Amino acid sequence: MIRIENLHKSFGELEVLKGVSARIAPGETVCLIGSSGSGKTTLLRCLNLLEMPDSGEIWIGGQRITDPKVKKTDVRRETGMVFQHFNLFPHMTVIRNIMIAPIKVRGVSDGEALDIARHFLDKVGLSEKADNYPRQLSGGQQQRVAIARALAMKPQVMLFDEATSALDPEMTGEVIKVMKDLSGEGMTMVVVTHEMGFAREASNRIIFMADGAVAEFDAPGVIFNRPSNPATAAFLRSVIRM
Amino acid sequence: MVNWSLIWTEIPNLARGAGWTLFITFFSLMFGVAIGLCLAMLRLSRRWWLRLPASVYVEAVRGTPMLVQILLIWFGVFPMLGLNRAEAYYAGIAALALNSGAYLCEIFRGGIQSIDKGQREAALSLGMTETQVMAHVILPQALANALPAIGNEFVTLIKDSSLVSSIAVAELTYRAMLVAARRYEYFTMYIGIAIMYFAMTFATSRILARLEARLRKGSK
Ligand SMILES: Nc1ncnc2c1ncn2[C@@H]1O[C@H](COP(=O)(O)OP(=O)(O)OP(=O)(O)O)[C@@H](O)[C@H]1O
Ligand SMILES: [Mg+2]
């Protein structure tokens with residue numbers, strides 16, 4: 001589903017991705033973990049071309065998205081992204097937040113968009129909030145709306161960048177549950193997270209990134225119980241102690 | 001000191017002048033908003049050859065007196081464009097709009113830049129084009145934030161529009177000038193219109209403040 005080949009990305013002098021390669025199968029949930037600054041966000045943003053890699057290739061669903069002839073908007077409508085700070089549109093109601101992209105990008109009718117939006121809002125358990133504005137919702141509810149908004153474009157892949165990091169602890173559960181459900185339904189997901197519980201229970205495989213490269217890429221059982229890279233073990237010890 | 005009976009007899013005349021003042025102000029602001037938006041887009045462009053002329057324009061307008069701009073447009077630009085038979089108030093509106101467009105440009109530019117960049121990224125990640133992001137996500141928020149500043153600009157324009165009296169547009173100040181000169185009643189006429197200008201600006205600020213409060217409540 002996703003194939004990344006020797007990806008490089010620098011910001012000025014700073015080389016952030018130093019030759020990242022990975023393959024992710026359809027329906028797989030892959031967690032990206034690693035210490036701060038290791039390049040997780042940058043890698044994720046390359047997958048929907050919010051960052052343009054300097055060199056290397058990415059294929060998503062058979063399409064080489066790093067091909068300069070490919071339109072970025074065509075790539076992005078197939079890859080949903082969920083951000084740490086939700087980034088809902090504050091001037092639109094919840095339902096409008098979800099409808100806008102299907103209408104403007106996919107060109108579906110208002111009525112059809114409303115049906116789609118209702119369906120996904122129901123899926124994240126917030127049907128009764130359709131006509132509220134984002135600021136009237138709790139953080140956890142806002143993030144669930146953001147997930148519904150991304151899903152409404154019916155993407156092939158969902159990308160999550162620390163979707164629960166900005167939430168109060170009592171609200172992470174509701175968002176994680178939605179993510180787990182989605183993973184269980186066979187959505188292909190790449191999830192940057194500090195939630196080791198989610199990584200352990202919901203992911204098929206885990207990428208441990210260190211210093212701009214994939215240090216280890218294996219099943220959660222292997223990563224958590226007998227990591228082959230000493231850096232992985234050291235990282236896990238540090239986060240689990242916290 | 002104040003010749004009240006003169007004011008009383010001139011009320012219909014001055015009221016018509018005040019009507020013209022508001023008319024000129026309103027249309028200048030409408031065109032000014034459109035010009036300001038275009039300029040803001042140009043100034044935020046990635047291409048230097050779009051940014052540069054817009055910046056030069058804004059700096060030039062802000063660095064020259066409005067009276068000079070009005071005279072330049074009416075006596076210089078209009079004849080050059082062959083608009084010899086146009087009414088002077090067209091030139092007045094054009095000058096005020098071009099002037100306030102430059103000031104509004106900076107307000108809009110600031111408003112657009114103050115929108116969190118996460119908004120743009122979220123919209124892009126959904127597959128929107130840059131134009132769609134601007135039209136549906138950034139501008140509605142930036143304009144809503146700029147409403148109080150647009151209201152202030154309206155109040156400023158009510159006062160600045162008195163300068164178009166210099167090209168014989170029959171608005172409030174010009175009518176007062178004529179009466180004052182004919183009757184030698186300078187103090188009466190100018191204190192009279194000062195009070196009228198104050199009434200207009202004061203009422204406008206009050207109405208705008210109330211509208212703003214209602215808008216804010218509505219969106220909460
Ligand atoms: N737009 C940018 N311009 C310059 N430097 C950047 C930019 N984006 C990221 N960086 C730098 O690249 C490095 C990797 O950043 P990245 O956000 O990918 O790390 P991360 O693994 O997601 O870290 P965290 O866990 O803190 O989110 C950091 O040193 C960061 O400062
Ligand atoms: Mg990050």
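The values are calculated or read from the model by the stated rules, or taken from the named source; none is laboratory data. Please read these numbers as outputs of a predicted model, since none were measured by experiment. So basically every Cβ, Gly included, is an ideal-geometry build from the backbone, and we count neighbours across all protein chains shown.
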| request: Could you please find all residues in the stretch A:160-186 being outside any helix (DSSP H, G or I) and not β-branched (V, I, T)? | output: A:F160, A:D161, A:E162, A:A163, A:S165, A:A166, A:L167, A:D168, A:E185, A:G186
| message | Between a residue in the stretch B:127-150 that is more than 7 Å from chain A (Cβ to nearest Cβ) and any residue that is of a type in the set (D, E, K, R) and part of a helix (DSSP H, G or I), which pairs come within a Cβ distance under 7 Å, given they are 6 or more apart or on different chains? | response | B:V133/B:R120; B:I138/B:R120; B:L147/B:E212; B:P148/B:E212
| request: Could you list all residues from the stretch A:78-111 that are more than 10 Å from chain B (Cβ to nearest Cβ) and hydroxyl-bearing (S, T, Y)? | output: A:T93, A:S109
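When only residues in the stretch A:20-36 that are exposed (fewer than 15 other Cβ atoms within 10 Å of the Cβ) and farther than 19 Å from A:E195 by Cβ count, which is nearest to ligand 1 (Cβ to nearest atom)?
Once the filter is applied, the top-ranked residue is A:S21.
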| message | For the stretch B:118-133, which positions are out of contact with any helix residue (DSSP H, G or I) (no Cβ under 7 Å at 6 or more places or on another chain) and either closer than 14 Å to A:R45 by Cα or not in a helix (DSSP H, G or I) (or both)? | response | B:G118, B:E121, B:A122
| message | Based on this model, can you work out whether A:T93 counts as surrounded by 15 or more Cβ atoms within 10 Å (Cβ to Cβ), polar (S, T, N, Q) and away from ligand 1 (no atom under 14 Å from the Cβ)? | response | yes
| message | So the check is Cβ under 6 Å with 6+ separation or different chains; which pairs have a first residue in the stretch A:211-229 that's away from chain B (no Cβ under 14 Å) and within 16 Å of ligand 2 (Cβ to nearest atom) and a second one that's assigned to a loop (DSSP other than H, G, I, E, B) and modelled with pLDDT of 90 or more? | response | A:G212/A:G39
| note | Turns out the helices (runs of 4 or more DSSP H) fully within the stretch B:30-115 with at least 3 residues that are touching a Phe, Trp or Tyr at 6+ places or on another chain (Cβ under 9 Å), modelled with pLDDT of 95 or more and within 30 Å of B:A170 (Cβ to Cβ) are B:88-113
| Scanning the stretch A:187-242 for residues that are hydrophobic (A, V, I, L, M, F, W, C) and in a loop (DSSP other than H, G, I, E, B), which turns out nearest to A:G80 (Cα to Cα)? | A:M187
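Just the residues that are within 9 Å of chain B (Cβ to nearest Cβ) and either surrounded by fewer than 18 Cβ atoms within 10 Å (Cβ to Cβ) or under 12 Å from A:A152 (Cβ atoms) (or both), please, taken from the stretch A:67-77.
A:K72, A:T73, A:D74, A:R77
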| query | Mind checking which residues of the stretch A:1-56 are under 19 Å from A:E78 (Cα atoms), out of contact with any Pro (no Cβ under 8 Å at 6 or more places or on another chain) and within 15 Å of ligand 2 (Cβ to nearest atom)? | reply | A:T41, A:T42, A:L43, A:L44, A:R45, A:L47, A:N48, A:L50, A:E51
| note | The correct count of residues that are small (G, A, S) and within 16 Å of ligand 2 (Cβ to nearest atom) in the stretch A:142-194 is 3
| task | Could you please find all residues in the stretch A:64-85 being away from ligand 1 (no atom under 16 Å from the Cβ) and either within 19 Å of the chain's Cα centre (by Cα) or within 20 Å of A:K18 (Cβ to Cβ) (or both)? | result | A:I65, A:T66, A:K72, A:T73, A:D74, A:V75, A:R76, A:R77, A:E78, A:T79, A:G80
| field | Count of residues meeting criterion [among the hydrophobic types (A, V, I, L, M, F, W, C), closer than 30 Å to B:A144 by Cα and not in a loop (DSSP other than H, G, I, E, B)] in the stretch A:45-91 | value | 2
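Do the conditions hold for B:A170, that is, is it of a type in the set (A, V, I, L, M), within 14 Å of chain A (Cβ to nearest Cβ) and either in a loop (DSSP other than H, G, I, E, B) or under 30 Å from A:L159 (Cβ atoms) (or both)?
Against the criterion (of a type in the set (A, V, I, L, M), within 14 Å of chain A (Cβ to nearest Cβ) and either in a loop (DSSP other than H, G, I, E, B) or under 30 Å from A:L159 (Cβ atoms) (or both)), B:A170 does not qualify.
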| said: Step by step: first the residues of the stretch A:155-194, then only those that are without any contact (Cβ under 8 Å) to a residue 40 or more places away in the chain and within 24 Å of A:R23 (Cβ to Cβ), then the one that is nearest to the chain's Cα centre (by Cα). Which residue is that? | reply: A:M179
| Residue in the stretch B:177-188 that is in contact with a Pro (Cβ under 9 Å, 6 or more places away or on another chain) and surrounded by fewer than 21 Cβ atoms within 10 Å (Cβ to Cβ) present | no
| What number of residues within the stretch A:37-63 are within 23 Å of A:D181 (Cβ to Cβ) and within 16 Å of ligand 1 (Cβ to nearest atom)? | 3
| Counting just the residues of the stretch A:130-189 that are of a type in the set (K, R) and within 14 Å of chain B (Cβ to nearest Cβ), which one comes out farthest from A:H91 (Cα to Cα)? | A:K154
